[in-house]
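The values are calculated or read from the model by the stated rules, or taken from the named source; none is laboratory data. As the structure is a computational prediction, the values presented were derived from the model and not from experiment. In this analysis, Cβ positions are derived from the backbone assuming ideal geometry, glycine residues included, and neighbour counts consider all displayed protein chains.
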Amino acid sequence: MTKLENSKQCDCRDCREASRQISFGLTEVKFVGIDFDPKTIQTQQTDLNNQLQNQWQILKDVQTSNGLVFILGRFGEIQNSRSFQEFEPPTTALDSDFGGRFLN
């Protein structure tokens, strides 16, 4: 093998496990709603602030008719040992994780 061939690493599961590569990315998602209601806004604001202090990050905010929904994400080590290429899409809606709820 040449130096160039030796420097390239295969991305197969066996090579990744052998090299113990650690991948980081989005690991959790959470939705936090804020209603523009004087009775509830303070507690919802406190909840959102607590989530931010616990390493959650705002990914997106969506305006609703009576407030906002914050989409929060937490990043960390990805524990999945299978690569993206190894996943095969379901052949029918009944084979999916949704149990056929989204049939046309």
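Check the range 44-63 and report whether any residue there is acidic (D, E), surrounded by 11 or more Cβ atoms within 10 Å (Cβ to Cβ) and modelled with pLDDT of 95 or more. Give the derivation first.
Applying the first criterion (acidic (D, E)) to the range 44-63 yields 47, 61.
Applying the additional criterion that residues be surrounded by 11 or more Cβ atoms within 10 Å (Cβ to Cβ) yields 47, 61.
Still in the running and modelled with pLDDT of 95 or more: 47, 61.
There is at least one residue in the range 44-63 that is acidic (D, E), surrounded by 11 or more Cβ atoms within 10 Å (Cβ to Cβ) and modelled with pLDDT of 95 or more.
Within the set of pairs 6+ apart or on separate chains, which have a first residue in the range 23-35 that is closer than 16 Å to S65 by Cβ, a second that is of a type in the set (V, I, T) and not in a strand (DSSP E or B), and C-beta atoms under 9 Å apart? Going by the 9 Å Cβ cut-off, the qualifying pairs are I34/T40; I34/I41; D35/I41.
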